Amino acid sequence: MKSHDIQHWITTTDPRALGNLYRRADDCRRRFVGDAVHLRGLLNFANICRRNCWYCGLRAERTDLPRYRMSQADILTCARRVEQLGYGTIVLQSGEDHSMDPVWIGEIVRRIKGETGLAVTLSLGERHPLELEVWKRAGADRYLLKFETSNHDLYCRYHPALAGFGGNRLGILAWLRDLGYEIGTGFMVGLPGQTPADLRRDLEMLDMLQPDMIGVGPFIPHPATPLARILADMPARPIDQVPASTGMTLTVLALVRLLCPTANIPATTALGTVDPAYGYESGLTCGANVIMPDVTPRAYREKYEIYPRPLPPSEEDGEADHRRLMDRIRSLGRSVGRGPGAAVSFGHHRGEKNHETSRA
Ligand code: 5AD
Ligand code: SF4
């Protein structure tokens, strides 16, 4: 897809043209990755973070937020539950917690791989190449590290660097790939200051990287962050600001599918949060083929508030939530994926491109 086509799609408001785009993305999804929706159990096992991203509720400067790190035993219990629920993957996610012993993480990965049939995805931020290697050797299958925005100025402003750490996310992604990980990346839609040209470059970045997994979700302001305060002080939205809307996110999802046909693409929690009634369904019919249900124990969930989101009413409702999700998937005529659900491109035709090129 050419630059000006991408630019056209992210700026058009013609509902018929957008409907065609969504259908093309849905066809492309069916053709390249099929009807199965893969479920990944997302375990936010620690909320300690040394960074101060302007958009995130876990930022280190939030001293009012109680911090936690789950024990190995509790993490193992959650992994077994993920397997019982029939999901093929556990995603171990935390803030960028460098007080956490990398050997400890390696042990958890090794135990999950030894005691369950789950694939293990790590999402632990920017880490040293040696740590990434230790975890790969322990059996980790995949790693998520979003580049968040391809606009260097916005990235540096919103994601302040730490002394002594380069923060070269693209370099880390290349390293992860060389180590044999399936790699996941992505960005936010509607970050304050993001223009349509930035969004086009975000999509072009994905086209260039051809990652195995791609997460894109709308920006949701968290009241305890600098970005929310800046937004509250702004009299009106600048004319070239990309909206953090469901519609914009769906357009981006559809374009991501057309640009990276074989990737695993989730209908993200952020999309499910801005549109609780239909967010997942809309995502799954505009190119997505993955959902990442949150399996974090309730006691910790409210402390893992990257952005505000509702909590399920009670622990039992975790079960009810799970059944509802299965029903929602089946009501779309889609099946629930079995097994680990690796990217179909992984290890086969990585790097090959299979682009849809023309406008509808
Ligand atoms: N709104 C939406 N997504 C966010 N993330 C962080 N803060 C926000 C926010 N306010 C996303 C980023 C990050 C992931 C952990 O959550 O993409 O990589
Ligand atoms: Fe930490 Fe990640 Fe939040 Fe940044 S986005 S403050 S690195 S948890």
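A few comments on the model shown:
- Restricting attention to region 302-320, the residues that are modelled with pLDDT of 80 or more, farther than 30 Å from TRP54 by Cα and in a loop (DSSP other than H, G, I, E, B) total 0.
- Within region 152-192, the only residue that satisfies the criterion of being modelled with pLDDT under 95 and among the polar types (S, T, N, Q) is ASN168.
- Test: residue in region 248-256 that is part of a loop (DSSP other than H, G, I, E, B), among the aliphatic types (A, V, I, L, M), buried (at least 22 other Cβ atoms within 10 Å of the Cβ) and touching a residue at least 24 places away in the same chain (Cβ under 8 Å): no
- Residue in region 223-243 that is within 15 Å of ligand 2 (Cβ to nearest atom) and within 21 Å of ARG40 (Cβ to Cβ) present: no
- Listed by first and then second residue, the pairs with beta-carbon distance under 6 Å, at least 6 apart or on different chains, first residue in region 50-61 and closer than 12 Å to ALA228 by Cβ, second within 7 Å of ligand 2 (Cβ to nearest atom), are CYS56/ILE306; GLY57/ILE306; ARG59/ASN52; ARG59/CYS53.
- Residue list for region 321-331, filter: open to solvent by less than 60 Å² (accessible area, probe 1.4 Å) and at pLDDT 90 or above: LEU325, MET326, ILE329
- Of GLU131, GLU126, GLU182, GLU148, all but one fail to be of a type in the set (Asp, Glu), out of contact with any Asp or Glu (no Cβ under 8 Å at 6 or more places or on another chain), within 20 Å of MET213 (Cα to Cα) and open to solvent by less than 30 Å² (accessible area, probe 1.4 Å); the exception is GLU148.
Results for (1) more than 20 Å from MET292 (Cβ to Cβ); (2) touching a helix residue (DSSP H, G or I) at 6+ places or on another chain (Cβ under 7 Å); (3) of a type in the set (A, V, I, L, M, F, W, C); (4) free of Cβ contacts under 8 Å to residues at least 12 places away in the same chain, shown as yes or no for each residue.
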| residue | (1), (2), (3), (4) |
| --- | --- |
| ARG69 | yes, no, no, no |
| ASP74 | no, no, no, no |
| GLY88 | no, no, no, no |
| VAL91 | no, no, yes, no |
| TRP104 | yes, no, yes, no |
| ARG110 | yes, yes, no, no |
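- The residue of region 42-93 that is nearest to TYR304 (Cα to Cα), among those that are touching a Gly at 6+ places or on another chain (Cβ under 8 Å), within 15 Å of ligand 2 (Cβ to nearest atom) and not in a loop (DSSP other than H, G, I, E, B), is ALA46.
Residues are listed down the side, and each one gets a yes or a no for (1) touching a helix residue (DSSP H, G or I) at 6+ places or on another chain (Cβ under 6 Å); (2) under 24 Å from SER245 (Cβ atoms); (3) among the charged types (D, E, K, R):
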{"residue": "ALA277", "(1), (2), (3)": "no, yes, no"}
{"residue": "GLY283", "(1), (2), (3)": "yes, yes, no"}
{"residue": "TYR304", "(1), (2), (3)": "no, no, no"}
{"residue": "ARG334", "(1), (2), (3)": "no, no, yes"}
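- Restricting attention to region 225-247 and to residues that are touching a strand residue (DSSP E or B) at 6+ places or on another chain (Cβ under 9 Å) and not polar (S, T, N, Q), the residue that is surrounded by the fewest Cβ atoms within 10 Å (Cβ to Cβ) turns out to be PRO243.
- Hits in region 107-151 (condition: among the acidic types (Asp, Glu) and either more than 14 Å from ligand 1 (Cβ to nearest atom) or modelled with pLDDT under 95 (or both)): GLU107, GLU115, GLU126, GLU131, GLU133, ASP141
- Unmet criterion (only one of (1) open to solvent by 10 Å² or more (accessible area, probe 1.4 Å); (2) in a strand (DSSP E or B)) for TRP175: (2)
The values are calculated or read from the model by the stated rules, or taken from the named source; none is laboratory data. Bear in mind that the values here come from a model prediction, so they are computed numbers and not experimental data. Every residue, glycine as well, gets a Cβ built from its backbone with ideal geometry; the counts of neighbours run over all protein chains shown. The protein model used for the area step is the full one, side chains on, heavy atoms only, and it has no ligands, DNA or RNA in it. Shrake-Rupley method; radii C 1.70, N 1.55, O 1.52, S 1.80 Å.
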